[in-house]
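Shown next, in structure tokens, is the structure this report addresses.
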Amino acid sequence: MAETESTTTAQDSATAETEPHQTQAQSQIDETAAKLNNLTLRIWPPTQRTRDAVINRLVETLSSQSVLSKRYGTIPEDEASSLAKSIEEEAFSVAGAAFSPDDDGIEILQMYSKEISKRMLDTVKSRAATAAAADAPSATEAANGEEVSSSSVKAEA
């Protein structure tokens, strides 16, 4: 009987020692859960570091060989840098104007991304059109020069 009492007492004291530990652990779990419930993830506005990374990627896309450059040509790096800054700033302004504090920023981030893509494409298209237009008068002048020479030759004959 003495053995039974000592075993029961040992179990009771072990249970008594683990109960505060379990209560403390449960308290920490509850506290962490409460913090997570209050946690809000906001992805807008992007940090300056993120914006700089976007600009660097734009410069790389505009100034190096890519699917875009095969169609519209590459842009010198210094010009691409100023264009990239302009594209990013304009896209950031447009997206920022549509942001509301109640929003988590996902839709605004998508808008920002689409604006960058749209503006980059518009930039390379207009630059290619300007370059083509600049080349066109030379071709026209050459064609006109040929017509003049051939008419002069005919007149002389």
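Read the figures in this text as sums done on the coordinates, not as results from a lab. Bear in mind the structure is a predicted one, so any value in this text is a computation, not a measurement. Positions of Cβ are generated from backbone atoms using ideal geometry, with glycine treated the same way; all protein chains shown enter the neighbour counts.
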**Q.** Theoretical FRET efficiency, 1/(1+(r/R0)^6), r = Cβ-Cβ of SER100 and ASP122, R0 22 Å, to 0.05
**A.** 0.25
Q: Pop out the ³J(HN,Hα) list for the range 25-32 in order, Karplus 6.51 cos²θ - 1.76 cosθ + 1.60 with θ = phi - 60°, rounded to Hz; leave Gly and Pro as x.
A: 5, 5, 4, 5, 5, 4, 5, 5
Q: Just subtract the alpha-carbon distance of SER86 and ARG71 from 0.36 nm times their residue separation and send over the number in nm, one decimal.
A: 3.2 nm
